[in-house]
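Asks: Input: one structure, supplied below.
The values are calculated or read from the model by the stated rules, or taken from the named source; none is laboratory data. Computed from a predicted structure; not experimentally measured. Positions of Cβ are generated from backbone atoms using ideal geometry, with glycine treated the same way; all protein chains shown enter the neighbour counts.
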Amino acid sequence: MSADVRRQTLLTSSGETISYKTLIIATGARALKLEEFGVMGSDAPNVCYLRNLADASRLVNVMQSAAGGKAVVIGGGYIGMECAASLVTNKISVTMVFPEEHIMARLFTPTIAAFYEDYYSSKGVEFIKGTVLSSLETNSLGQVVAVNLKDGRRLPADMVVVGIGIRPNTMLFEGQLTIDEKNGGIKVDAKMQTSNRSVYAVGDVASFPLPLLGSRNRRLEHVDCARKSAIHVVSSIMDPKDTGNFDYLPFFYSRVFTLSWQFYGDNAGEVVHFGDLSSFQGPFGAYWVNGKGQIVGAFLEGGSKDEYEAIARICRVQPVVGDRLDLASRGLEFAVSGDYGPPLSAGDDMGLVVERQLYAWHAAAGVLVAFSISAFAYWYGRRRRRW
Ligand code: NAD
């Protein structure tokens, strides 16, 4: 119900007061509702959001009752793209409506977006861009029967899915902890500690400095960041001496239809596309190059495990690249070759790549142990024969 970070106490809805020595805020975020944009009707039985398990079960039930019908998907981000793919796969025709010029505007370039839009169109998805809804039309049972758009169009609908973004759940701590006004969320330092030393924040609600992006604060909405920031905070609390700063490489991914992409780093700067964007095969992708000529971000569709590891690695190393045309023609091979920039320093956390190096060490140690045992057995056998 409430928190008092000065007294280090929390009050629960049953009236219990809990004292703490250390507090970890993992309050996540809430889905934005249509009402926040002045449109009523979110509580209609066939309007779906997707934030928690109950939402997911409800969405499945509504999809079953709308089988063979029409869905309007509001929003062109993660929820919009992933739900639209699931809906058409389940034989529900889909129209996506969003205000931007292309889907996944927060990450995709127009070129990358065009690939996915073509793919979605080939599956029957229709797009209405550059507008938002103005009202939901309901029948006598309160069910939505049509979506009215600001541009005057009316879309008949058997169901509506809304994915229009999230807001971090900071309410309990406003006025007590420093809030990052620009990025939203609770501001933390490199140890994920808030403005109160005994309070940490992790996941969607935390705005933390990213050393790879010049230590600017960012709030990242992704499960990978939630998991890794939580692990880091627990380690900071349990083992403060041996836990350094949270040095996170931003990572996002999505799977739609039979497509699958990953993105690492920052999508800022000049974009260099590579690969075959004209077929539905891939792999294709893009590098983002900053003002100093360094690769700071990379996107890849249809890569293998090794190729995804290679783009993660290049975004950590951030090599300076010269000729952009050469980079475009070398494309993915440039990242995979490892033929760039300075070697990794020992302390670099490369995620899967480090794991691979560890596997190599384990394998080498294993071979050495096996060899020693057989050498000893041979020597021992020969000695026994002599006895
Ligand atoms: P989002 O931020 O990805 O997309 C929001 C979209 O809402 C924008 O692209 C825009 O098109 C649209 N929009 C904004 N205002 C609108 C309006 N008035 N009318 C119509 N459209 C409007 O958010 P989301 O898709 O709602 O996803 C919610 C959260 O869930 C995000 O944090 C996302 O990262 C997370 N998520 C991630 C994954 C994944 O990583 N694969 C999958 C699902 C959800």
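Asks: Have a look at 131, 111 and point out the one that is surrounded by fewer than 18 Cβ atoms within 10 Å (Cβ to Cβ), at pLDDT 95 or above and more than 11 Å from the ligand (Cβ to nearest atom).
Replies: Only one candidate qualifies: 111.
Asks: Related question: Please tell me if residue 125 is farther than 20 Å from residue 30 by Cβ and either within 15 Å of the ligand (Cβ to nearest atom) or surrounded by fewer than 14 Cβ atoms within 10 Å (Cβ to Cβ) (or both).
Replies: Taking the combined requirement at face value, the residue satisfies it.
Asks: Here is a follow-up. Which number in (1) part of a strand (DSSP E or B); (2) touching a residue at least 12 places away in the same chain (Cβ under 8 Å); (3) more than 12 Å from the ligand (Cβ to nearest atom) marks the one condition that residue 142 misses?
Replies: That leaves (1) as the condition not met.
Asks: A further question follows. Which residue out of 151, 242 is within 16 Å of the ligand (Cβ to nearest atom), exposed (fewer than 15 other Cβ atoms within 10 Å of the Cβ), acidic (Asp, Glu) and more than 20 Å from residue 30 (Cβ to Cβ)?
Replies: 151
Asks: In this structure, does residue 311 turn out to be aliphatic (A, V, I, L, M), without any contact (Cβ under 8 Å) to a residue 60 or more places away in the chain, assigned to a strand (DSSP E or B) and in contact with a strand residue (DSSP E or B) (Cβ under 6 Å, 6 or more places away or on another chain)?
Replies: It is false that residue 311 is aliphatic (A, V, I, L, M), without any contact (Cβ under 8 Å) to a residue 60 or more places away in the chain, assigned to a strand (DSSP E or B) and in contact with a strand residue (DSSP E or B) (Cβ under 6 Å, 6 or more places away or on another chain).
Asks: So, residue 295, is that one in a strand (DSSP E or B), in contact (Cβ under 8 Å) with a residue 12 or more places away in the chain and out of contact with any Asp or Glu (no Cβ under 9 Å at 6 or more places or on another chain) or not?
Replies: yes
Asks: Considering segment 57-84 alone, what residues qualify as being within 11 Å of the ligand (Cβ to nearest atom) and either crowded, with 19+ Cβ neighbours inside 10 Å or of a type in the set (A, V, I, L, M) (or both)?
Replies: 72, 73, 74, 75, 76, 77, 78, 79, 80, 81, 83, 84
Asks: Follow-up question, since we're still on this one. Does residue 135 satisfy the criteria of being over 30 Å from residue 289 (Cα atoms) and without any contact (Cβ under 8 Å) to a residue 24 or more places away in the chain?
Replies: no
Asks: Which one is farthest from the ligand (Cβ to nearest atom) among residues in segment 22-36 that are under 19 Å from residue 232 (Cβ atoms) and in a loop (DSSP other than H, G, I, E, B)?
Replies: 22
Asks: Looking only at segment 168-213, count every residue that is within 18 Å of the chain's Cα centre (by Cα), polar (S, T, N, Q) and outside any loop (DSSP other than H, G, I, E, B) and tell me the total.
Replies: The qualifying residues number 1.
Asks: Give the residue that is nearest to residue 47 (Cα to Cα), with candidates limited to residues of segment 83-125 that are acidic (Asp, Glu) and part of a helix (DSSP H, G or I).
Replies: Going through the qualifying residues, I end up with 117.
Asks: Here's a check for you: in segment 214-235, which residue that is within 13 Å of the ligand (Cβ to nearest atom) and part of a loop (DSSP other than H, G, I, E, B) is surrounded by the fewest Cβ atoms within 10 Å (Cβ to Cβ)?
Replies: So, considering only residues that are within 13 Å of the ligand (Cβ to nearest atom) and part of a loop (DSSP other than H, G, I, E, B), the one surrounded by the fewest Cβ atoms within 10 Å (Cβ to Cβ) is 222.
Asks: Residue 122: among the polar types (S, T, N, Q) and touching a residue at least 40 places away in the same chain (Cβ under 8 Å), yes or no?
Replies: yes
Asks: Name the single residue, out of those in segment 260-278 being under 16 Å from the mean Cα position of the chain (by Cα) and assigned to a strand (DSSP E or B), that is surrounded by the fewest Cβ atoms within 10 Å (Cβ to Cβ).
Replies: Looking at the filtered set, the residue picked out is 260.
Asks: Could you tell me how many of the residues in segment 37-56 are within 16 Å of the ligand (Cβ to nearest atom), of a type outside the set (A, V, I, L, M) and outside any helix (DSSP H, G or I)?
Replies: 7
Asks: What tally of residues in segment 85-100 results from selecting those that are more than 10 Å from the ligand (Cβ to nearest atom) and either closer than 22 Å to residue 299 by Cβ or under 18 Å from the mean Cα position of the chain (by Cα) (or both)?
Replies: 1
Asks: Could you count how many residues in segment 85-103 are buried (at least 18 other Cβ atoms within 10 Å of the Cβ) and under 16 Å from residue 147 (Cβ atoms)?
Replies: 7
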